[in-house]
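Notes follow once the structure below has been shown.
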Amino acid sequence: MRYITTPIYYVNDVPHLGHAYTTIIADTLARFYRLQGHETLLLTGTDEHGQKIEQAAKARNFTPKEYADKISSEFKKLWDEFEISYDIYARTTDSRHIEFVKDLFLKMWKKGDIYKDKYEGYYCISCESFFTKIQLKDENACPDCGKKTELLEEESYFFKLSKYQDAILKWYEEADPILPKNKKTELVNFVQSGLKDLSITRTSFDWGIKLPDEIKDNKHIIYVWLDALFIYVSSLDFLNQGKNAKFWPAHLLLVGKDILRFHAVYFPAFLMSANLALPRFIGAHGWWTKEGEKMSKSKGNVIKPKDIADAYGLDAFRYFLLREVPFGNDGDFSETMLINRINSELNNEFGNLLSRIVGMSLKYSNGIILNEGILENFKTEFDVVQKHLEDSIIFLENLQPNRYLEELFKALAVANLSITKYEPWNLIKKGEVKKANALIGLCANILAKVSLLLSPTLPKSTAKVAESLNFKIDTKNYQALILEKQLLNFKVNAQEALFTKIEKPLLAQEAPLQQEQKIKIDDFAKIEIKVAMVKACENIQGSKKLLKFQLELDNGELRQVLSGIAEYYKADELIGKQVCVITNLKKAKIFGYESDGMILTAQSGDDCVLIGPKELVLNGSLIS
Ligand code: MSP
């Protein structure tokens, strides 16, 4: 039995590349387990409570539930379009989950693991995480995401996390549950440095699960992480011991490295407190960046998974994500690398092999491929291929998808190289027809075996291979072709090319500006324009045009910006005025000075006029 989960995604933002990455790995594994014949369950869903969601909803004039409904359905729609084979789409606002969490809280309370006290410390709303002063970076910034934290002083219920410190360390040691293995050291150090009891309720906002009635304290709501983590259990209808309850403990919880601590420290402690079994594995992957930078809306460099899949195909997108980066490492998204992998691997090694086999068999043997003579003539090649297949399985089971794919492509290379080496067309000319047919049989069997194992990653294109070679991708054939090393006969049908060579980048080509001069609202949203106060302004020696500004933005942040308006304004006249400035431009060096932004002006005939708000507004106010 294999139960596998993705994190449940916050509904304060629409799906991006990072979400697609976790979900596609989870889907690949679920498909692989099913192929192996395991009874498998895949869960994904959305995390909908907490201060962050409440704020995001308010900012858009929605109630939190309306907002959660809207974004949750966007996630679901994308996963459906991506044909993610989830069995459960779970939401923390489901009544079954709410009931479970209340019951859980009560159990932990009755056990004596929860007590009431006062919380004094810092809170990062973005990470929904508590910190002490010494953990913070400069200016009280969150050590994880860098955003400003807020000081909290409120009555709170605490969980006796410290009580479970030794048990957690023992679990790491005995069960070895963390993948990749090198992530364990970090966790061990964190736990060994001493676990403090954890605040698990909040009182300063509403959007969450209330305490169970028995505790009679209805101003508290349950901490969003305690709520969210138990989605993995509650969704199995565990409280009523429904038919899926048997799937707990999960085989694998897939998470990003940023949320490993919640899953591998807090969650096991909560589970132990609730007398529930611990998951077998927790796998933490790295982060995707774009050209070396963290993706964020304010930088305007967020990659939309749908855009990539629409341009290059879902299979190619899946392949790239799994192949490009060793699981656990960070990866940089590059369209060039994606194209290279499509052209040199998917097209040349995989797609072309099918075309060659189909072409040769239709030409030489009426599309009939028999498995005769393969082992007599090509035993060495066959053995090498079987070894690659076996290794690929081990790699995927150990959560090393890039190496699993590498092995499968090594197996394909054996087929492609054998064709080049033995040249079946020459064998036929020389009258060695049996050997030529055996070679085609070898290659068709390699392609079928590889396609079986590739099918969890490339469901669409391997289905086309199966259709063309007339065999089934199913557990029975997994058993026969992979485990028992059997060889098949085939009756081949013609098939259009699996992939086409990509000649030029498709994403850039689709950029709206190149097609028409209009931009989408999303493109406008990439530009961050704020109101700033001129605190200082001076001419730059040697330049007639430039003025050097010191501008004040939010929270007193000062920025240096250069602007070419010296011919229109005297520097000292501008001090104290409010201007509009683009704040998310890449920094530039002008005349040897750094300029971090661009001041907006209107070109009025020959004049140049600064733009600012009609009335005084807060410095840093966003213009939209
Ligand atoms: N709601 C919590 C998870 C609760 S699970 C009980 C959460 N949600 S999230 O939407 O912010 O993030 C979900 C996942 O996306 C995390 O695993 C995170 O690591 C991953 N990613 C977010 N940005 C990412 C990249 N840029 N790259 C790769 N994954 C990243 O955290």
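The values are calculated or read from the model by the stated rules, or taken from the named source; none is laboratory data. Note that this is a predicted model, so its numbers are computed, not measured. All Cβ positions, even for glycine, are placed from backbone atoms using ideal geometry, and neighbour counts span all protein chains on display. For accessibility, only protein heavy atoms count, side chains too; no ligands or nucleic acids. Shrake-Rupley method; radii C 1.70, N 1.55, O 1.52, S 1.80 Å.
Tabulated data for the structure shown
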quantity: Residue satisfying all of: in region 136-153; within 14 Å of S199 (Cβ to Cβ) and open to solvent by 20 Å² or more (accessible area, probe 1.4 Å); farthest from the ligand (Cβ to nearest atom) among these; calculated: E153
quantity: Qualifying positions in region 292-305 - in contact with a Phe, Trp or Tyr (Cβ under 8 Å, 6 or more places away or on another chain) and either of a type in the set (D, E) or touching a residue at least 24 places away in the same chain (Cβ under 8 Å) (or both); calculated: M295, I303, P305
quantity: Pairs where the first residue, in region 130-141, is without any contact (Cβ under 8 Å) to a residue 40 or more places away in the chain and the second is open to solvent by 100 Å² or more (accessible area, probe 1.4 Å) and part of a strand (DSSP E or B), C-beta under 8 Å, 6+ apart; calculated: E139/K148; N140/K148; N140/L151; A141/K148
quantity: Among (1) modelled with pLDDT of 90 or more; (2) open to solvent by 80 Å² or more (accessible area, probe 1.4 Å); (3) aliphatic (A, V, I, L, M) - the single one L513 does not satisfy; calculated: (1)
quantity: Hits in region 205-218 - residues which are touching a strand residue (DSSP E or B) at 6+ places or on another chain (Cβ under 8 Å) and either within 16 Å of the ligand (Cβ to nearest atom) or open to solvent by 70 Å² or more (accessible area, probe 1.4 Å) (or both); calculated: D206, W207, G208, I209, K210, N218
quantity: One residue from K196, K216 being basic (K, R), out of contact with any Gly (no Cβ under 6 Å at 6 or more places or on another chain) and free of Cβ contacts under 8 Å to residues at least 12 places away in the same chain; calculated: K216
quantity: Some residue of region 430-446 being under 34 Å from the mean Cα position of the chain (by Cα) and touching a residue at least 24 places away in the same chain (Cβ under 8 Å); calculated: yes
quantity: Some residue of region 82-101 being under 30 Å from P15 (Cβ atoms), of a type in the set (A, V, I, L, M, F, W, C) and modelled with pLDDT under 95; calculated: no
quantity: Which listed residue, of A532, A448, is touching a Cys at 6+ places or on another chain (Cβ under 9 Å) and open to solvent by less than 80 Å² (accessible area, probe 1.4 Å); calculated: A532
quantity: Enumeration of residues in region 248-294 that are of a type in the set (D, E) and more than 9 Å from the ligand (Cβ to nearest atom); calculated: E291, E293
quantity: Selection from region 225-246 of residues that are within 15 Å of the ligand (Cβ to nearest atom), over 20 Å from D258 (Cβ atoms) and assigned to a loop (DSSP other than H, G, I, E, B); calculated: S235, L236
quantity: Output for region 1-14, where each listed residue is near the ligand (Cβ under 9 Å from one of its atoms), open to solvent by 20 Å² or more (accessible area, probe 1.4 Å) and not in a strand (DSSP E or B); calculated: N12, D13
quantity: Candidate set from region 48-83 (those that are under 19 Å from D27 (Cβ atoms) and buried (at least 21 other Cβ atoms within 10 Å of the Cβ)); member that is farthest from the ligand (Cβ to nearest atom); calculated: W79
quantity: Failed item in (1) away from the ligand (no atom under 16 Å from the Cβ); (2) more than 21 Å from F32 (Cα to Cα); (3) at pLDDT 95 or above, with L346 passing the rest; calculated: (2)
quantity: Long-range neighbours under 7 Å by Cβ, at least six apart or interchain, first residue near the ligand (Cβ under 7 Å from one of its atoms) within region 16-27, second open to solvent by less than 10 Å² (accessible area, probe 1.4 Å) and of a type in the set (A, V, I, L, M); calculated: Y21/L321; T22/L254
quantity: Any pair with Cβ under 6 angstrom, 6 or more apart, that starts in region 159-179 at a residue that is more than 14 Å from N189 (Cα to Cα) and without any contact (Cβ under 8 Å) to a residue 60 or more places away in the chain and ends at one that is outside any helix (DSSP H, G or I) and among the hydrophobic types (A, V, I, L, M, F, W, C); calculated: S162/L195
